[in-house]
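I have placed the structure first, in the form of structure tokens, so that the comments after it can refer back to it.
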Ligand code: HEM
């Protein structure tokens, strides 16, 4: 996925500001604790963000290419949205995944996406 550009070690040595876990809900904090997601992981995730941004088009294109191979998944999209619209929402979603900042707003968006009625429920 990231073959065309070499990582720079310095990207991973930086201490990015505005990166970390700022979640207030104890239940969510517990879940993050269980998966052992820590600030140092988020620093690494944040360091990858420019590489993801650079390759976001093929990442998203490949995602929908794979989905369109499966007739019933393709039909779900056709019935509820368009791949043009979803390409844009997935682009934003994936880029934000690499912000390295997990706060209440981040969790709310993920929960909202998980609840998108009639579409993600049956898939998940
Ligand atoms: C890791 C997997 C997936 C991610 C991260 C993802 C992410 C998203 C996001 C961010 C939205 C926009 C939600 C909004 O702005 O309200 C969305 C909507 C949608 N997704 Fe997904 N999606 C995934 C898998 C799928 C699959 C496999 C399908 C179809 C087979 C699908 C079908 C849809 C549809 C139809 C909508 C539009 C629903 C609506 O607007 O009511 N998604 N998805």
Quiz item: Looking at region 101-121, which of its residues are near the ligand (Cβ under 7 Å from one of its atoms) and either under 25 Å from residue 42 (Cα atoms) or touching a strand residue (DSSP E or B) at 6+ places or on another chain (Cβ under 7 Å) (or both)?
Solution: 112, 113
Practice problem: Restricting attention to helices (runs of 4 or more DSSP H) lying wholly within region 26-82, give those where 1 or more residues are crowded, with 16+ Cβ neighbours inside 10 Å and modelled with pLDDT of 95 or more. | Solution: 26-34, 39-54, 56-68
Quiz item: For residue 70, are the conditions met, namely being within 12 Å of the ligand (Cβ to nearest atom) and either closer than 23 Å to residue 42 by Cβ or in contact (Cβ under 8 Å) with a residue 60 or more places away in the chain (or both)?
Solution: no
Quiz item: Could you give every pair whose Cβ atoms fall below 9 Å, whose first residue belongs to region 83-100 and is closer than 19 Å to residue 40 by Cα, and whose second residue is assigned to a loop (DSSP other than H, G, I, E, B) and modelled with pLDDT under 95, counting only separations of at least 6 or pairs across chains?
Solution: 99/18; 100/16; 100/18
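The values are calculated or read from the model by the stated rules, or taken from the named source; none is laboratory data. Since the model is a prediction, treat every value here as computed from it, not as a measurement. All Cβ positions, glycine included, derive from the backbone under ideal geometry; neighbour counts span all protein chains shown.
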